[in-house]
Structures are given as C-alpha cells and as structure tokens.
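The values are calculated or read from the model by the stated rules, or taken from the named source; none is laboratory data. The model shown is predicted, which means the values in this text are computed figures rather than measured ones. Here the Cβ positions follow ideal geometry from the backbone for every residue, glycine too, while neighbour counts run over all protein chains shown.
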C-alpha cells in the first residue's frame with residue numbers, strides 16, 4: 001500500500017514536469033541548457049551541451065532532448081533572434097512540432113541583468129533563456145511564408161546595393177575633385193556604379209514581379225496603392241520585414257517592433273527628452289523615410305494634416321516626418337488586416353453648412369462599427385478631428 005502510494009506520487013510529479021530549453025545560437029554552433037520544473041516549483045538543470053549549427057547538430061539536439069525528457073511532458077524552447085544564424089534551427093524545430101519562442105537579444109539581455117548576473121558567455125545566456133522560458137508567458141513563434149522570406153532576401157540585398165552605390169558615388173565625387181587622380185580610378189568607379197545600377201533595376205523588377213503575380217500580395221497592394229507616394233517596393237519591404245503582419249495583434253506591438261515606440265525620460269521635477277526608442281526593425285524605418293516626404297509633398301490626408309500640427313507644435317520638421325512615418329505604418333497595417341482600400345477622398349464635404357460624414361476607408365470594416373469622420377475638420381485614425389487629436393510622438 002505504501003509502495004503504491006509512493007509510485008502514484010512519483011508518477012503524478014513526472015506527469016506534470018515542465019521542461020524549458022534555452023538555445024544560444026551563433027554562426028558555427030549553439031549552446032543548449034535544459035531545465036525542469038516540478039509541481040513543487042523546484043527547478044533544476046537537467047543538462048547542457050554544445051551542438052553544431054547544421055542539420056547533423058539539429059538531429060543530435062533532438063536525440064538529446066528525447067534522452068533527457070519524458071515524451072508526454074511539456075517542453076518549450078527559447079532562443080534569441082541572432083541575425084539570420086538562428087533561422088535554419090528555428091525552421092527545423094518548428095517543423096518537428098516543438099513549441100518555440102524567439103525573442104529579441106535586448107529583451108534577453110535585460111532579463112539576465114534583472115537576475116543580478118553581470119557576466120556574459122554562451123553558458124550563462126543559454127541558462128538565462130531557459131529560465132526566461134520557464135518563468136514568463138512567451139508568445140509561440142510562427143514563421144512567415146517562404147514566399148515572404150524569399151522577398152525579404154531580395155529587399156535586403158536591394159538595400160545593400162543602394163548603400164554601396166551611394167558610397168561609390170561619394171568616392172567618385174571626391175576623386176573627380178582631386179588634384180592628381182589616375183584615370184583608372186575614375187573609370188573603375190564609373191564601371192562599378194553602372195553595374196550596381198543595373199543590378200538594382202533588376203532586383204526592383206523582380207520584387208515587383210513577386211508582388212503582382214502573387215494573388216494575396218497583389219490584392220493587398222491594390223488596397224494601399226492609392227496612397228500617393230507609397231510604391232510597390234516600399235510596400236514589399238514593409239510586408240517582408242513584418243512577415244505579413246502575422247504575429248501582430250495590434251498597432252502598439254507593430255509600432256514597438258519598428259522602433260517607433262515612445263521612450264520618456266522623466267523623474268520628479270526633471271523632464272528630459274521624449275523620443276522614439278529606435279530599438280526595432282531599422283529596415284522599416286529606413287524605407288518609410290521617403291514615403292513620408294512624398295505624402296506630405298502631395299498633401300495626402302490625413303498625413304499632411306498630421307505633419308502640419310506636429311511641426312506647428314515642435315517647430316522641428318523631422319519630428320513631424322517621423323510622426324507621419326508611424327501613421328503610414330499603422331495605416332498600412334489597418335488596411336492589410338481589415339482588407340479595405342485607402343480612400344484619399346474621405347475628407348468631409350462642405351455644402352451649405354451641412355456636413356456629410358464619409359468613412360475613413362471607401363469600404364468600412366465588417367459589422368456595424370464603421371469608422372466615420374465626425375467633424376468638418378480632417379479626421380484622424382483616432383476618430384477625432386485633427387484639432388482635437390492627442391499629441392503625437394516626437395523624436396530627438
């Protein structure tokens with residue numbers, strides 16, 4: 001009887017054991033740390049090991065996991081987003097039906113610091129990720145489509161070529177004004193610029209071809225195409241870098257991901273600068289720079305009205321343009337999620353003092369809650385006239 005009770009208790013504890021695996025990935029390999037947590041909240045390290053960052057290493061990791069865990073227990077895996085070096089491992093684990101969490105390195109670093117750990121090495125990072133997966137409720141990772149990953153490879157290569165072309169043009173300008181410069185230098189620079197310009201045109205054509213020939217991307221792009229100043233390449237970069245907005249539940253998450261979230265610096269009576277964090281996807285902020293200028297140049301509502309009131313308040317043009325960038329991103333997100341086209345003619349008509357409200361979009365969202373402009377002033381995304389809208393973000 002006593003033996004049976006002991007067996008039952010052991011079986012129950014094993015059934016409810018929770019495992020957390022932390023993986024610290026680099027170019028050549030990754031460090032694994034497996035921790036277990038029982039029903040009495042005690043946790044212990046079950047094992048640590050190094051693996052190669054290749055298919056053979058992935059298979060060895062899977063065998064190691066089965067050896068140190070009970071198959072019917074819960075296992076979650078946590079890793080950092082280390083550039084592109086984690087992607088093959090992440091896809092492999094996802095296809096093997098593991099619960100996977102991918103977090104930003106900055107978040108993991110801050111968590112480890114909060115534990116009072118000042119040192120940093122692969123073992124500490126892996127253990128910290130295992131603790132993080134054990135203690136926090138993290139969102140499961142879901143990869144975007146391979147079509148979007150293909151497009152992301154093109155858009156990032158396009159950025160590299162454009163930056164290289166700019167650098168070469170600057171070198172050519174400097175060489176042209178040198179007192180003594182060999183003609184071979186000028187000839188070489190011009191040849192490189194010509195070749196890169198040709199490659200840029202080819203990649204842009206390839207990106208446009210991918211967007212227009214894909215049924216989903218083509219339909220989505222047609223909804224935002226009426227935003228004058230936002231081209232197909234800009235749209236492709238935003239969609240590729242956000243994974244088709246698949247992992248975002250609201251605009252706040254998207255704004256934070258792009259680095260447009262507000263960072264305040266205030267304590268007591270001291271008020272420091274309020275700025276955007278810039279801790280996010282720099283590719284998105286970079287590509288929205290030119291479209292923000294375009295929508296203001298072409299007086300596209302509601303972006304132009306936003307620019308005017310922010311500039312009037314701050315007297316700093318760049319703050320106003322950053323606010324426009326953020327609103328552009330949120331507008332594209334809203335159009336993508338609701339599948340409603342942007343209507344540039346949503347401004348309220350003025351006729352004999354009678355105001356005729358129009359929808360923010362030409363087709364309202366499904367259901368009774370259709371957003372409308374509520375005054376004869378230009379409406380904003382927060383459903384307020386531009387004269388009553390809350391203060392927007394600012395940047396240092």
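Points to keep in mind about this one:
- Subset of segment 1-20 that is within 14 Å of residue 68 (Cβ to Cβ) and out of contact with any helix residue (DSSP H, G or I) (no Cβ under 6 Å at 6 or more places or on another chain) - its residue that is modelled with the lowest pLDDT: 14
- From the list 82, 48, 78, the one residue that fits, being in a loop (DSSP other than H, G, I, E, B) and touching a helix residue (DSSP H, G or I) at 6+ places or on another chain (Cβ under 8 Å), is 82.
- Condition check for residue 209: over 24 Å from the mean Cα position of the chain (by Cα), assigned to a helix (DSSP H, G or I) and either surrounded by 13 or more Cβ atoms within 10 Å (Cβ to Cβ) or not assigned by TED's automatic domain parsing to the domain that holds residue 75 (or both): no
- Matching option when the condition is at pLDDT 90 or above, over 22 Å from residue 253 (Cβ atoms), under 26 Å from the mean Cα position of the chain (by Cα) and not assigned by TED's automatic domain parsing to the domain that holds residue 278, among 62, 113, 56, 96: 96
- Here residue 160 meets the list (1) without any contact (Cβ under 8 Å) to a residue 24 or more places away in the chain; (2) within 21 Å of residue 245 (Cα to Cα) almost entirely, failing just condition (2).
- From the list 244, 229, 280, the lone residue that is free of Cβ contacts under 8 Å to residues at least 60 places away in the same chain and not in a helix (DSSP H, G or I) is 280.
- Residue 114 falls short on exactly one of the conditions (1) touching a residue at least 12 places away in the same chain (Cβ under 8 Å); (2) surrounded by fewer than 18 Cβ atoms within 10 Å (Cβ to Cβ), and that condition is (1).
- Residue 174 assigned to a helix (DSSP H, G or I) and under 19 Å from the mean Cα position of the chain (by Cα): no
- Odd one out for residue 329 among (1) surrounded by fewer than 18 Cβ atoms within 10 Å (Cβ to Cβ); (2) under 22 Å from residue 233 (Cα atoms): (1)
- Just one of the numbered conditions (1) farther than 30 Å from residue 244 by Cα; (2) surrounded by 11 or more Cβ atoms within 10 Å (Cβ to Cβ) is not true of residue 179: (2).
- The residues of segment 285-313 that are surrounded by 21 or more Cβ atoms within 10 Å (Cβ to Cβ) and under 30 Å from residue 83 (Cβ atoms), listed by number, are 287, 288, 291, 292.
- All conditions but one from (1) surrounded by 12 or more Cβ atoms within 10 Å (Cβ to Cβ); (2) part of a loop (DSSP other than H, G, I, E, B) apply to residue 200; the one that does not is (2).
- Which listed residue is touching a helix residue (DSSP H, G or I) at 6+ places or on another chain (Cβ under 7 Å) and over 21 Å from residue 83 (Cβ atoms), from 117, 102, 112: 117
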